[in-house]
1. Select from the stretch 205-233 the residues that are among the hydroxyl-bearing types (Ser, Thr, Tyr), part of a helix (DSSP H, G or I) and out of contact with any strand residue (DSSP E or B) (no Cβ under 8 Å at 6 or more places or on another chain) and list them in ascending order.
2. Take the residues in the stretch 122-148 that are in a helix (DSSP H, G or I) and over 19 Å from the mean Cα position of the chain (by Cα); name whichever of them is surrounded by the fewest Cβ atoms within 10 Å (Cβ to Cβ).
3. Given (1) among the hydrophobic types (A, V, I, L, M, F, W, C); (2) more than 24 Å from the chain's Cα centre (by Cα); (3) crowded, with 16+ Cβ neighbours inside 10 Å; (4) closer than 24 Å to Ile137 by Cβ, identify the lone condition not met by Val203.
4. If I ask for residues that are out of contact with any helix residue (DSSP H, G or I) (no Cβ under 8 Å at 6 or more places or on another chain) and either at pLDDT 80 or above or not in a loop (DSSP other than H, G, I, E, B) (or both), which ones from the stretch 278-288 would you list?
5. State all residues of the stretch 44-69 that are within 16 Å of the chain's Cα centre (by Cα), surrounded by fewer than 24 Cβ atoms within 10 Å (Cβ to Cβ) and either modelled with pLDDT under 95 or not in a helix (DSSP H, G or I) (or both); if no residue qualifies, say none.
6. When you check Glu164 against the structure, is it within 13 Å of the chain's Cα centre (by Cα) and without any contact (Cβ under 8 Å) to a residue 40 or more places away in the chain, yes or no?
7. Return the total of residues in the stretch 206-217 being in contact with a Ser or Thr (Cβ under 8 Å, 6 or more places away or on another chain) and surrounded by fewer than 24 Cβ atoms within 10 Å (Cβ to Cβ).
8. If you scan the stretch 153-171, which residues turn out to be crowded, with 24+ Cβ neighbours inside 10 Å and part of a loop (DSSP other than H, G, I, E, B)?
Amino acid sequence: MQKKFFVNQPIFDNNEIEAVKDIINSGLLSSSNINGGKYVRIFEKQIAQYLNVKYAVAINSGTSALYASLLSLNIKSGDEVIVPSFSFTATASAVVATGAKPVFVDILSNDEGELFPYTIDPSKIKSNITKKTKAIIPVHLYGSSADIDFISEIASSNQIPIIEDGAQSLGSSYKGNKCGTLGTMGCTSLYPTKVITSGEGGVITTDNETLYNDLLRIRNHGLDESGQTTRFGLNLRMPEIEAAIASIQLSKLDNFIQIRRNNSDILSDTIDLKQLGALPGEYEPNFHNRYLYTVFLNPNDKSIRPKVIEYLDKHNINTAIFYRTPIHKMPYYQNLSDSYDLPNTDYASSGVLSIPNHHGLSEDDVLYIGEKFNNALDTV
């Protein structure tokens, strides 16, 4: 049976398996302690050290991380939170869950009309700030950092906190500083398709002690050390099994990223787009974890992308479109929101295509994928 190449997949070895066995045998699968269980505390300490941040709060998903961060800022009904529409729906749904309104803004394009890095346009943030704006959520999409200097300048002058949606950017950096440490709080995801995984899970990072202490209560039913409910909270805890897996995966992160970067370089050296689009790049001095290898195929010919997808699928190469439908155009949000004109977002969604580059692929695998991609373009 021919090998199937997925855009992303979790990669484990015996270390994760043995860790899970140990926890099952111990019977201590989770903890309602405000500080979490043994493995939760270990993982939080490790990821805080890795990111060079004071505090880390492990949580049960990246979506919960965003939601809890918003709650810690007391975001509520009547408030507005600025978000990009070109993102996964969780960026907006976390806002809606608080009762607040997501305000969708467009992504960047450069002087040549290229869209990379597909991140929020700071000038559009500035023009959409109102008295109701209580937070800004830039998304480090595909692992590429948003323009944090410009965003921070806008946020600071308006006294608005920044919550980084770093679901895809663990290990990436902006001007030498790790994503997840660039705003008031940073959120990441440990979903199975991310660079590292715990099965399900997420992390919130911050240097703010007050927010940290509040987040500990938010993830644990609002309970304080004495077991009294002192604020609204839910069960957003990370179980011990997930924390142990995450801890081992974190120790492999830099190696995983290096393999992804090497694989991405091979793809860029191999693929010839023949003026039909653009390959992903990297802006110096930023560092890209290569969570996704996303090409842009000219959407003016709407037949190109479907033909490439069909050809690659016939050769067992999985592809993905992140994101075919911008959030503001999804039925639920069309019913909730104002009408939006986001031309760069619409253009991006009609042309992006992600192909496999993950750390479970060999160099021969990646060469095969690149060659087949070229063959697919020959059919266009």
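The values are calculated or read from the model by the stated rules, or taken from the named source; none is laboratory data. Please read all numbers here as calculations on a predicted model, not as lab measurements. Every residue, glycine as well, gets a Cβ built from its backbone with ideal geometry; the counts of neighbours run over all protein chains shown.
1. Going residue by residue through the stretch 205-233, those that are among the hydroxyl-bearing types (Ser, Thr, Tyr) are 205-206, 210, 212, 226, 229-230.
Subsequent filtering for residues that are part of a helix (DSSP H, G or I) retains 210, 212.
Passing the criteria: only Thr210.
2. Start the filter on the stretch 122-148 by keeping residues that are in a helix (DSSP H, G or I), which leaves 122-128, 141-143, 148.
Those still in the list that are over 19 Å from the mean Cα position of the chain (by Cα) too: 123-128.
Working: Ser123: 14, Lys124: 18, Ile125: 26, Lys126: 17, Ser127: 10, Asn128: 15.
Among residues in the stretch 122-148 that are in a helix (DSSP H, G or I) and over 19 Å from the mean Cα position of the chain (by Cα), the one surrounded by the fewest Cβ atoms within 10 Å (Cβ to Cβ) is Ser127.
3. All conditions pass for Val203, except number (2).
4. If we filter the stretch 278-288 for residues that are out of contact with any helix residue (DSSP H, G or I) (no Cβ under 8 Å at 6 or more places or on another chain), which is where we start, we get 278, 281-287.
Residues satisfying the conditions are Ala278, Gly281, Asn286, Phe287.
5. Those that are within 16 Å of the chain's Cα centre (by Cα), surrounded by fewer than 24 Cβ atoms within 10 Å (Cβ to Cβ) and either modelled with pLDDT under 95 or not in a helix (DSSP H, G or I) (or both): Asn60, Ser61.
6. Values: within 13 Å of the chain's Cα centre (by Cα): yes; without any contact (Cβ under 8 Å) to a residue 40 or more places away in the chain: yes.
Yes.
7. Kept after step one, since they are in contact with a Ser or Thr (Cβ under 8 Å, 6 or more places away or on another chain), are these residues of the stretch 206-217: 206-208, 211-212, 214-215, 217.
Those still in the list that are surrounded by fewer than 24 Cβ atoms within 10 Å (Cβ to Cβ) too: 207-208, 211-212, 214, 217.
The number of residues fulfilling the criteria is 6.
8. Within the stretch 153-171, Gly166, Ala167, Gln168, Ser169, Leu170, Gly171 qualify.
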